[in-house]
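Everything below concerns the one structure shown next.
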Amino acid sequence: MKETSITRRRRHELIIGAALLLVLAVLPLPIRDVYTRNLIIITVLFAGLAQAWNILGGYCGQISLSHALYFGVGAYVSTLLLTRLAIPPTFGMFAGGALGGLMALLVGWPCFRLSGHYYAIATVVVGEIGYLLFLNWDWVGGATGINIPYVRSVGDSWLWLQFRIDKLPYHYAALAFASVAWLVAWLIEGSRWGFVWRAVKDDPVAARSLAVRIFPSKMAAAAISGALTGIGGAIYAQYVGYIDPDSVMYGQLSILIPLPAVLGGVGTLWGPLVGAAVLIPLSELTRSYLGGSGSGVDLMIYGGLIVVVALARPQGLASLIGVRVRAPAGAVDAAAA
Amino acid sequence: MPPLLEVDRVSKSFGGVAANVDISFDVHEGEILGLIGPNGAGKTSLFNSVSGEVTPDAGEIRLAGQRVSGLRPEQCSLLGIARTFQVVRSFDSMTVLENVMVGAYARLSRTRPAMARALETLEFTGLAARADTLAHSLTPAEKRRLEVARALATKPRLLLLDEMLTGLTPVEAQSGVQLIRDVLARGITVIMVEHVMEVLLPLVHRAVVLDLGRVLTIGAPTEVVHNPDVIRAYLGDRYAAA
Amino acid sequence: MVGGLLMGLIYALVAAGLSLIFGLMDVVNFAHGELLMLAMYATYVIWLVTGLDPLLLLVPVALLLFALGVAIYHLLMARALSVRFNRGMVQIFVTFGLAILLRGAAQFTFGSDFKSVSKSWLSGKTIDLAGVYIPLPQLAAGVVSLFAFALLLLISRTEFGHALEATREDRDAVALIGIDRNRIFAMGWGLGAGAVGIAGVMLATFYYVSPSVGANFALIAYVTVALGGFGSLIGALVAGLLIGQVEALTALLIEPSLKQVGMFAIYLLVLMFRPRGLFGTL
């Protein structure tokens, strides 16, 4: 089969992705400053989380505002398996992912029939229920949370995903995670689902006349998105060493996870990455330098930035660097009922 | 051999208004049937019942002996019923090739075969040169052609064309007629709703005339055109040929 | 039980404002809680500075919030509506960004510690209604909310109200009958914010004021609106009352810290059978 513009573009995307991966792999090496290294790790992790969300929210068009639930579940499952059954997080994270995916399916199954805003609010509520339940559930630590112990006898280890002497390996864990999320998004974009979801967003009636069955594919998107998010949660838990509902399952996190994707360019391959690269450092820096005493200035800047970018560049920041953006048309409304 | 499509006493009302009343006719494999009638005669409603957008209130529709009335559009499509829409519904944010690929994905789950089928369909419908153009930038005639290409990519047995030639220039219309002949040559059965009489009548094998929701008459184009009831239905409507 | 009813009325009022705004232009205002928060701060500040009782501040604060709503529409939402890509998502995230901005502004201006309107005409008093002791502030809040609701219903029956309804049904066609869409939208935002303003004043008489207080009420408001059905004022009232009761019952029967789980569960349950809410037409 002769090469088409589609296959050519996808080949280029893969090359750029690989180059980016290389750059990010060597980026932290010359940096000794702990604060900056931490910033990079968080940015990379959230880029991966945003990309995972993008699969359900961007490509499939379901604006889920409950992803903190899957993130938190992943963190808790991995941590509990470690603290109660001494299972290494390297395996535990997959269990966390599995449960995250399962939760996403459970939420999706009743909620997908809801349209636009009803769906968004239903997901917010589900996330909130999860938060409240975990907060009051003693077996998982409740409001006190769980401390993740550093197993001295093992020391720094990849199996146990614990590094205290040099935290650099966490960067590679996060990078691996983000790369997988990116790759999954890339695969989906070129697959039947990628095409079919865009068709449904443009014109659901025409899509149905072409044998597109929407519901099963939404469930698949939810499962993949939730699973990836759960794995991200597990990695985060190992990195920060302590989890509680207020740090891994709180409501605002459900908005912060999609934010890089939305402002970077929802439903695009590079949007979440661009968005994370801009937003996370900005929010961390404003918080450190301006928000230290709870002054709220950091929030004002952050909030203001969100408003400005959303209004000035609704198709996403990634379009500024030439990323292909969906064409303007009345039908291209991601929240259409 | 049983007919490919059997419309059996189909009736459908919308909010008290009867769109289709007791409609019956057959379509044989390989033929091209014209569905004509004044505005409001119930032609698009009938299409909607055949392709699954709507379920008839009474009666049944069968494809090769199997009941299809009441099935969802996705299921009808998989069984081999494809259609175009009266008001073109293209996927505006996607290119021509991508649009047709959505159709190809109806029966092929992997991208390489779907892309190959889509490319082949574009060649067949003469849109290959516009493969990478965004659908929303196409001319109206090209958009119509795209809808046909997209429908063809689903490898249908039956193709429903809803006013595909309306509003085209004579040159575009002739081109469209040629496309329909090519589709027929591939063994696909066609039902077409059309207002442009001088284009439709030479093309179809038989015609079904609807008026006020009912079947007025069925027959060869030459018979139908001379039928006094048909003439009255149209002239009573102050209808003038395009 | 009565407490649940009274809180329910307040929820209903907050929800009514939200429903108005959504009903008009398909915008879920994620900054609605912050508007409530601002109303409460305004009440606190004016009370602190002038010593005027909050009850006297109902009208001024409501007007203040009305103006704020109109301003938000003209400065932000008008632009958000004319966006060509991802309109729905833009609206969600613009209002969300606004929420963060407002919360930061409150934190910057007042700090994050709790404040309260400690001395007012009603504070600390209770009334005995047929053997049930009801705190006067809460009772007043419920009564005022009911009045405000009635007012909203009245407005919905006026010509303006009809114009609002028409604009909601067919945004594009109303221009043809001489309705200025922009003006209607701005008024809608003003009214919605004003409603929340009234609720805020009454809440300030018995609830603590902090930058994050909005977030708590906001979620309940969204649930109330969705349960009642977007675009239905009656729905907001019924849902508000229902939610207020369920919350109180859950706190009583199961556990206070889980009181919100009860209302959320009811909400999800109803949605399963009526995806558009109890009275929803959108």
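What follows is calculated from the coordinates using simple rules that are stated; it is not laboratory data. Note that the coordinates shown come from a computational prediction; the quantities given were computed from them, not determined experimentally. FYI the Cβ positions are ideal-geometry reconstructions off the backbone, even for glycines, and counts take in every protein chain you see.
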Compute the semi-axes of the equivalent ellipsoid of chain B, taking the square root of 5 times each eigenvalue of the Cα gyration tensor, and list them largest first in whole Å. 29, 21, 16
Cβ crowding within 10 Å averaged over residues, with A:36-45, A:172-181 ranked highest first: A:172-181, A:36-45
No solvent, one uniform scatterer per C-alpha: report log10 I(q)/I(0) for region B:90-155 via the Debye equation at q = 0.17 1/Å, two decimals. -0.45
Run the helix sum for the protein assembly as shown: -39,500 (n - 2.57) per DSSP H stretch of 4+ residues, divided by residue count, reported at 222 nm to the nearest 500 deg cm²/dmol. -19000 deg cm²/dmol
Set of lysines near C:LYS119 by C-alpha distance (under 30 Å), chain-local residues within fewer than 8 positions excluded: C:LYS259
Lysines whose Cα lies under 20 Å from that of B:LYS143, excluding same-chain neighbours fewer than 8 positions away: A:LYS201, B:LYS155
Indicate the gyration tensor shape class of region A:9-251 (rounded, prolate or oblate), computed on the Cα atoms with a ≥ b ≥ c the square roots of the eigenvalues: a/c under 1.5 is rounded; otherwise a/b larger than b/c is prolate and the rest oblate. oblate
Rg over Rh, two decimals, region A:140-212 (C-alpha only, Kirkwood Rh): 1.31
Distance in Å, no decimals, from the C-alpha centre of region A:212-230 to the one of region B:182-214 is 43 Å
Where a ≥ b ≥ c are root eigenvalues of the Cα gyration tensor, a/c under 1.5 meaning rounded, otherwise prolate if a/b exceeds b/c and oblate otherwise, region A:62-191 counts as oblate
Check: region B:90-155 dipole with +1 on Lys, Arg Cβ and -1 on Asp, Glu Cβ, in debye: 260 debye
Cα axis of helix A:271-290 to longest principal axis of chain A: angle in degrees, 0 to 90, nearest 10? 40 degrees
Using bins 5 angstrom wide from zero, how does P(r) for region B:111-242 break down, in % of all Cα pairs? 2, 9, 18, 20, 17, 13, 9, 6, 4, 1, 0
To make sure I understand the rule: partners must be aspartates and glutamates, Cα under 15 Å from the Cα of B:LYS12, and not fewer than 8 residues away in the same chain. Which ones qualify? B:ASP22, B:GLU53, B:ASP57, B:GLU60, B:ASP211
On Cα atoms only, tilt of A:297-312 relative to the major axis of chain A in degrees: 20 degrees
In the protein assembly as shown, taking the dipole from +1 charges on Lys and Arg beta carbons and -1 charges on Asp and Glu beta carbons about the Cα centre, the listed residue (A:SER78, B:ALA141, C:ILE10) farthest towards the positive end is A:SER78
Ranking request for peptides A:146-156, A:25-35, C:232-242, C:249-259: highest mean number of other beta-carbon atoms within 10 Å first, then the rest in descending order. C:232-242, C:249-259, A:146-156, A:25-35
At q = 0.27 Å⁻¹, what is the log10 ratio I(q)/I(0) for region C:98-177, with the Debye formula run over Cα points and no solvent? -1.13
Per its Cα gyration tensor (rounded if a/c is under 1.5, else prolate when a/b beats b/c, else oblate), the protein assembly as shown is best filed as oblate
Calculate one ³J(HN,Hα) per residue across region C:256-272 by plugging θ = phi - 60° into the Karplus curve 6.51 cos²θ - 1.76 cosθ + 1.60, and present them in order as whole Hz with x for glycine and proline. x, 6, 9, 4, 7, 4, x, 5, 5, 5, 4, 4, 5, 4, 4, 4, 5
Over all alpha-carbon pairs in region A:4-108, figure out the percentage whose distance exceeds 24 Å. 46 percent
Placed amide H near A:GLN162: partners under 5 Å, 5+ positions off or other chain: A:SER157
Just name one of A:LEU168, C:LEU233, A:ILE235: the one whose Cα is farthest towards the positive end of the charge dipole of the protein assembly as shown (beta-carbon charges, Lys/Arg +1, Asp/Glu -1). A:LEU168
For the protein assembly as shown, whose charge dipole is built from +1 on Lys and Arg Cβ atoms and -1 on Asp and Glu Cβ atoms, the candidate among A:TYR59, C:ILE254, B:VAL68 with its Cα farthest towards the positive end is A:TYR59
In debye to the nearest 20, the charge dipole size for the protein assembly as shown, taken about the Cα centre with +1 at each Lys and Arg Cβ and -1 at each Asp and Glu Cβ, equals 1320 debye
Quick one: angle between helix B:140-152 and the longest Cα principal axis of chain B, in degrees between 0 and 90, rounded to 10, please. 80 degrees
